[in-house]
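> Quick one: the structure is below, questions incoming.
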Amino acid sequence: QATAPGGPTARPRRRIVLPTGDAAMADKLEAGLKLKAKYVDGEFYLAEVVTVSTSAKRSKKPVKVKFVGYEEESWFGIEDLRSKRLPKVEPVAKGKAKAKAKAKA
């Protein structure tokens, strides 16, 4: 009967999960950092990072910000934030709409 290295009381090894996508870029941010965040009207306004989450549940919107001069706090994804610490996110170009077929008279 084989035993695990370290004897029968050794702890099982933990799997290390490396952050990917938004979570990896969110590591470049910290609480108190000033940046610009996209408001519901589509414009970017000055905001301050409140916290950065490493939770898997928050992987799509890992950054909690507060808009300067307002008390409301909201969670944002990296694509809705602008800072010199983050890489520029280019907008996704939508394909052209297909032309309708002309009806013969």
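> Please give every one of the aspartates and glutamates within straight-line cross-link reach of residue 60, meaning a C-alpha to C-alpha distance under 18 Å, and leave out same-chain neighbours fewer than 8 residues apart.
Correct list for residue 60: 22, 27, 30, 73, 79, 80, 90.
> OK, next. Could you tell me which of the pairs 57/84; 34/57; 36/57; 38/88; 36/64; 34/84 are separated by over 18 angstrom between their Cα atoms in the structure shown?
Long pairs (Cα-Cα over 18 Å): 57/84; 34/57; 36/57.
> Now, a different point. What percent of all Cα-Cα pairs in the range 22-82 falls in each 10 Å bin, counting up from 0?
In order of increasing distance, the bins hold 25, 60, 15, 0 percent.
> Can you pull the accessible area of residue 27 for me, 1.4 Å probe, Å² to the nearest 10?
Rounded to the nearest 10, that gives 90 Å².
The values are calculated or read from the model by the stated rules, or taken from the named source; none is laboratory data. A quick note: this is a predicted structure, and the numbers were derived from the prediction, not measured. Surface areas here come from the heavy atoms of the whole protein model, side chains and all, with no ligands, DNA or RNA. Shrake-Rupley method; radii C 1.70, N 1.55, O 1.52, S 1.80 Å.
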